[in-house]
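Structure first, commentary second.
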Amino acid sequence: MHAVLANLDQYWAGFKVTLELLFVGGLGALLIGTLIALMRISPIGSLRLIATGYTEMMRNTPLTLLFFFIIVVLPALQAGIDSKIGAY
């Protein structure tokens, strides 16, 4: 119990990062999902095609491949990724 109490500030910092990731991820998912949904019901054929292509690509790509791309490939490209990217 002493070890937990001695590191309480680190637990609090981790909890704040978790909440930050929750809100950023949730807001990002909401914005992207809304945009794609609006594109899917658009009367403009090219927008529907792009949204359908994006949806099918995301649905058919294994999650492990996406994790590999985000954690290994993007930093190798020096894309200006934040150091917390592994947490996302």
Problem - Selection status of Gly45, at pLDDT 90 or above and surrounded by fewer than 10 Cβ atoms within 10 Å (Cβ to Cβ) - result: yes
Practice task
Determine if the range 65-76 includes at least one residue that is in contact with a helix residue (DSSP H, G or I) (Cβ under 8 Å, 6 or more places away or on another chain), in a helix (DSSP H, G or I) and modelled with pLDDT of 90 or more.
Solution key: no
Handout entry: Leu38 being aliphatic (A, V, I, L, M), outside any loop (DSSP other than H, G, I, E, B) and at pLDDT below 90
Key = no
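The values are calculated or read from the model by the stated rules, or taken from the named source; none is laboratory data. Please read these numbers as outputs of a predicted model, since none were measured by experiment. Counting neighbours? That spans all protein chains shown, and the Cβs are built from the backbone with ideal geometry, glycine included.
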